[in-house]
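The next block holds one structure in the form of structure tokens; read it before the comments.
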Amino acid sequence: MSTLQKNKNILFILTGSIACYKVVQVISSLVKENFNVECVMTSGAQNFIGISTLEGITGNKIYLDLYESGYAMAHISLVRRADLIVVAPATANYINKIAQGVGDDLASTLFLAYDFKKPFLIFPAMNVAMFEHPLTKEAIVKLKKIGICILDTAQGSLACGEEGYGRLLEPEEILRKIKEHLNLKEFQPIKFHGDACRILITGGGTVEKIDSVRSITNSSSGNTAVDLANSLSERGFLVTLLLSEQNQRKLSSQVSVRRFLSSSDLDSLCLKELSVKHYDFVIHAAAVSDFSVKEIQINDSAEAIKYDLNKLKMSSESEITLILKKNKKIISDLKNYSLNQNVKIIAFKLMPKSSQIDIETAVRKVFNHSGVSFVVHNSVEDLVAQKDSRKFSIYSTNKGNIESQQVDGVSGLAHQISMLMVGG
Ligand SMILES: Cc1cc2nc3c(=O)[nH]c(=O)nc-3n(C[C@H](O)[C@H](O)[C@H](O)COP(=O)(O)O)c2cc1C
């Protein structure tokens, strides 16, 4: 993994949002990476997670009360010894309060004692209406003006059941931001046979045009590929990601991205990358369409029209029949394209819920036809699960026998893949 400067002190302020549980994971990861984390909880935060949980994880005292006997100067000393201060999750109440200069508890008084020399990061978490409230907006602008870093929120379904902005960023993203602000971005690549280990990842669904405005596509989001790319790059691999145009997820600045639309675009990009650069691994997670449009028949004219997907916009007056042609299997060509003939390929096999025998038969077929080293299997039914609860099985072959290993979540998958890579 990339070398990070250790022994930094992080002061973590947790306020009364339902998203407190997400932050426990962030704190636990920081402690595992040898950061010293000290926590302050508002009385609101104590309703959502236990004081003992944080005490157990950090190994440090948890600060709750401005007037606690023996720690009366904590509002000064905590800020002084911190290298970076994080407020996550930050409630609407906290943001509005500190923007007014109110210091009526330990968490808000810490902000008044802040010396503006070190990063102060605020990760808001709230309902969309609270986030878009004119006073909250005004408070955010005010804090930004005086140099406080207020991070974006994510868009999506909120704990209250509503949709919109205001959702706390995911733990991995919070971790990344904290490290960025501590200037721990220095990239130290993992070496493989003496050189930086280079990985090509493909992700997302392809779009096959029917005419200039219509297309055939699939429901693959490309998010697993983005998470793998971010996570592997954070671990020190040099990652290039070939990603479908539709995916707009945030990527680590270390990941190089090229975009594709159709399966033939993706095929060309694979050729272009693999034939000129030495890649050690390819993770082929893109959902490539098996078919593209060969011909369109307008049913009442009884004749096929010449297929020109860029010019034509079909009339909707008549029924049409699409004649589809089979697309090539990109995965079978990856080794042929590759400058490095020892490149190792990891294929993905998404299947509807199936018996173990059927899964192994399908996986064996991928091994036999594509010359891949590993196959990651997951099931369609599992796609709705949160990314860290998804189940993946990594298959490999050993003297003709198939072996598998189950991993939980996309971060577990990234970890296991990196172990396979480093282990050779
Ligand atoms: C179940 C529940 C969930 C809440 N979640 C949030 C939240 O995500 N964001 C927020 O700004 N306030 C939330 N609140 C309201 C705050 O807890 C409340 O404004 C409190 O005064 C915040 O205090 P503090 O941030 O200073 O600790 C929630 C309240 C309840 C009862």
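The values are calculated or read from the model by the stated rules, or taken from the named source; none is laboratory data. Here the structure is a predicted model, which means the values were calculated and not measured. Cβ: placed from backbone, ideal geometry, glycine included. Neighbour counts: every protein chain shown. Ligands, DNA and RNA are excluded from the accessible area calculation, which covers all protein heavy atoms including side chains. Shrake-Rupley method; radii C 1.70, N 1.55, O 1.52, S 1.80 Å.
Values computed for the structure shown
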{"quantity": "Angstrom value of the Kirkwood radius, inverse mean 1/r, which spans all Cα pairs in region 244-304", "calculated": "14.8"}
{"quantity": "Neighbour cut-off at most 13 other Cβ (10 Å), DSSP loop, trypsin sites (Lys or Arg not before Pro), region 357-419", "calculated": "K399"}
{"quantity": "Structure-based [θ]222 nm, the chain - -39500 (n - 2.57) summed over DSSP H runs of at least 4, per residue, nearest 500", "calculated": "-9500 deg cm²/dmol"}
{"quantity": "Viscosity 1.567 mPa s, temperature 4 °C, Stokes-Einstein D of region 142-283 from Kirkwood C-alpha radius, µm²/s", "calculated": "75"}
{"quantity": "Efficiency of FRET from Cβ geometry, S69 and L383, R₀ 41 Å, rounded to 0.05", "calculated": "0.15"}
{"quantity": "Debye-sum result for region 9-181 in log10 I(q)/I(0), which assumes one identical scatterer on each alpha carbon, at q = 0.09, 0.12, 0.15, 0.18 Å⁻¹", "calculated": "-0.27, -0.49, -0.78, -1.17"}
{"quantity": "Computed over region 309-424, the ratio Rg/Rh where both radii use C-alpha atoms and Rh is Kirkwood", "calculated": "1.10"}
{"quantity": "Exposed chymotrypsin sites (Phe, Trp or Tyr not before Pro) absent - longest run of the chain, DSSP non-H/G/I/E/B, at most 10 other C-beta within 10 Å", "calculated": "117-424"}
{"quantity": "Percent breakdown of C-alpha pair distances by 5 Å bin, ordered from the shortest bin, for region 50-142", "calculated": "3, 12, 20, 23, 21, 12, 7, 2, 0"}
{"quantity": "Accessible surface, 1.4 Å probe, highest first, among residues E317, E234", "calculated": "E317, E234"}
{"quantity": "Amide H contacts under 5 Å for V376, placed H, 5+ residues apart", "calculated": "A347, F348, K349, Y395"}
{"quantity": "Solvent-accessible area of T217 with every protein chain in place, 1.4 Å probe, in Å² to the nearest 10", "calculated": "80"}
{"quantity": "Selected from K142, K335, K177 as most flexible by GNM, with the chain as the system and alpha-carbon contacts under 10 Å", "calculated": "K142"}
{"quantity": "Between region 3-76 and region 350-424, the Cα center-to-center distance that results, in Å", "calculated": "37"}
{"quantity": "When each of K61/K179; K177/K353; K8/K391; K272/K399; K97/K250 is checked by Cα-Cα distance, pairs over 26 Å", "calculated": "K177/K353; K8/K391; K272/K399; K97/K250"}
{"quantity": "Long-range amide H partners of S215 with built H, under 5 Å", "calculated": "I210"}
{"quantity": "Accessible-area composition of region 72-179, carbon plus sulfur, in percent [1.4 Å probe]", "calculated": "56"}
{"quantity": "Relative contact order %, the chain, counting alpha carbon pairs below 8 Å whose residues are six or more apart", "calculated": "11"}
{"quantity": "Translational D in µm²/s for the chain (Stokes-Einstein at 37 °C, 0.692 mPa s, Kirkwood Rh from C-alpha pairs)", "calculated": "135"}
{"quantity": "Separation of the S52 and I76 label points, Cα + 7 Å toward Cβ, nm", "calculated": "3.5"}
